[in-house]
1. For the chain, calculate the relative contact order in percent as a whole number, restricting contacts to Cα pairs under 8 Å that are 6 or more residues apart.
2. Find how much the distance from Ala212 to Glu19 grows on full extension, using 0.36 nm per residue of separation minus their present alpha carbon separation; answer in nm with one decimal.
3. Between helix 188-201 and the chain, what is the angle of the helix's C-alpha long axis to the longest principal axis, kept within 0 to 90° and rounded to the nearest 10?
4. On a 0 to 90° scale, report how tilted helix 207-217 is relative to the longest principal axis of the chain, with both axes built from alpha carbons and the result rounded to the nearest 10.
5. In whole Å, largest first, what are the principal axis extents of the Cα atoms in region 1-108?
6. Tell me, Trp223, Trp25, Trp110 in order of fewest to most beta-carbon neighbours within 10 Å?
7. Within straight cross-link reach of Lys159, meaning Cα distance under 18 Å, which lysines are found once same-chain residues fewer than 8 apart are removed?
8. Round to the nearest 0.05 the FRET efficiency obtained for Lys62 and Val147 when R0 = 51 Å and r is the Cβ-Cβ distance.
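What follows draws every value from the coordinates through simple rules; no lab data is involved. None of the values given here were measured: they were computed from a predicted structure. Positions of Cβ are backbone-derived with ideal geometry, glycine not excepted, and every protein chain shown enters the neighbour counts.
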Amino acid sequence: MGRGHIPAGTGIRSYPIVERYRIVWIWLGDPALADESQIPDLSLVPAEGTGHHNIGNYLNVKCNYLLEIDNLMDLSHVNFIHFGSLGNDSMRAAEVKVTEEEGKVRADLWMPGTLCGFGEMQGQPCDQWNNMVWMQPTSMLLEFGAVPPGEEPIQDPHKYAFHIITPETEHSTHYFYGTSACFSDADASQAKLICDAQTQAFLTEDNPMIEAVEDRMGGAEFWSLRPAILPSDAAGIRVRRRLEQMCRAERARASDRSQ
Ligand SMILES: [Fe+2]
């Protein structure tokens, strides 16, 4: 039995933790550098007690976390990887517009005069959009919607999707996802339908491709392979550069503190 004293060498390291937006945020770096103002704004995650939700979904993906971000930031992949489930040929001509503001990278894919890829209007003529917003370091918010051709494209507050990435190892990733939709008791089954559709697409369409890329890379560093960069990769590359800068800046701050 102890006497209330913790013997030297038996202490367990603790980490700063904040719970926000129904998510636990942990800082694994130097505790003195933890800054909860840097937690990304995920206030669109539905609050408890506001209905039936599609949140808290999880997949473990056997890839480096940056490959998962590359995929999510390149929304043109919907027309290829999700062809027939979420995408179709009519969506292929759209060009992505990449912008950056206040630490966020936006990839806007506006697809006028196309056939709706998914949702209530699936298969019908429409103007539709998929806009992905990256928030440092690894959270992404997808705005999606479709309206009859020519109508004002107003973003429905229930049509946001969350993609939150946590590196597990160099070659595996925790992938959390969900949507902002809230359903009443009468429509509770809708939340499960959306969850099942998302999970099916990620599990059977995205993951095999991403994990195959990871395998083909054979553990090599991304840039050492001199990857061919397509216009649709602009947002993913921008995010990679920002993360590289963040890592350098954090290492410099930690180094300054240790001197
Ligand atoms: Fe996908």
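1. RCO, the chain: 22 percent.
2. Details: separation 193, 0.36 × 193 = 69.48 nm, distance 3.45 nm.
Gain in length upon complete extension: 66.0 nm.
3. Its long axis makes an angle of about 80 degrees.
4. Computed tilt is about 60 degrees.
5. 73, 33, 31
6. In increasing order of surrounding Cβ atoms, one gets Trp223, Trp110, Trp25.
7. Lys192
8. The computed FRET efficiency comes out at 0.85.
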